[in-house]
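*Asks:* If you scroll down you'll find the structure; I have some questions about it.
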């Protein structure tokens, strides 16, 4: 097994772990906003890992760059989702107190980083 295949395998295993954690979080209680945002965090991590997994085993540079751009969907949105998650937890697990203007400022970096 070559070095790039072993790295790709590790990233793929992490993809499976992230998705299983996210699905389990949704399975516990679907209506809970914290669980929904936790699922989105896990999905962002899974997209990031999957993109790096396929990018590591790509045959040419162009394909690798395309997969790293796909992975940018994960790392570009991860930090805003994490900030939203922890802001909701710090306000005594009341996500409804986070207003629309604050959510716009929280998710604005996603738009900036993906352009």
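The values are calculated or read from the model by the stated rules, or taken from the named source; none is laboratory data. Bear in mind that the values here come from a model prediction, so they are computed numbers and not experimental data. Neighbour counts are summed over all protein chains in view; Cβ atoms, including those assigned to glycine, are modelled from backbone coordinates with ideal geometry.
*Asks:* Failed condition for residue 73, given (1) more than 23 Å from residue 14 (Cα to Cα); (2) assigned to a helix (DSSP H, G or I), with all others met?
*Replies:* Unmet for residue 73, out of (1) more than 23 Å from residue 14 (Cα to Cα); (2) assigned to a helix (DSSP H, G or I): (1).
*Asks:* Does the stretch 55-77 hold any residues that are without any contact (Cβ under 8 Å) to a residue 24 or more places away in the chain and over 20 Å from residue 3 (Cα atoms), and which are they?
*Replies:* So the first thing to find is which residues in the stretch 55-77 are without any contact (Cβ under 8 Å) to a residue 24 or more places away in the chain, and the list is 55, 58-70.
Those that are without any contact (Cβ under 8 Å) to a residue 24 or more places away in the chain and over 20 Å from residue 3 (Cα atoms): 66, 69, 70.
*Asks:* Then there's this: Which one is farthest from residue 36 (Cα to Cα), of the residues in the stretch 70-101 that are at pLDDT below 80 and surrounded by 13 or more Cβ atoms within 10 Å (Cβ to Cβ)?
*Replies:* Out of the qualifying residues, it is 98.
*Asks:* From the list 22, 51, exactly one residue is assigned to a helix (DSSP H, G or I), without any contact (Cβ under 8 Å) to a residue 24 or more places away in the chain, under 16 Å from the mean Cα position of the chain (by Cα) and closer than 23 Å to residue 83 by Cβ. Which is it?
*Replies:* Details: 22 fails: without any contact (Cβ under 8 Å) to a residue 24 or more places away in the chain.
Answer to the selection: 51.
*Asks:* Now, a different point. Here is a check on your reading of the model: is residue 52 under 30 Å from residue 3 (Cα atoms) and in contact with a helix residue (DSSP H, G or I) (Cβ under 7 Å, 6 or more places away or on another chain)?
*Replies:* Numbers: under 30 Å from residue 3 (Cα atoms): yes; in contact with a helix residue (DSSP H, G or I) (Cβ under 7 Å, 6 or more places away or on another chain): yes.
So residue 52 passes the test.
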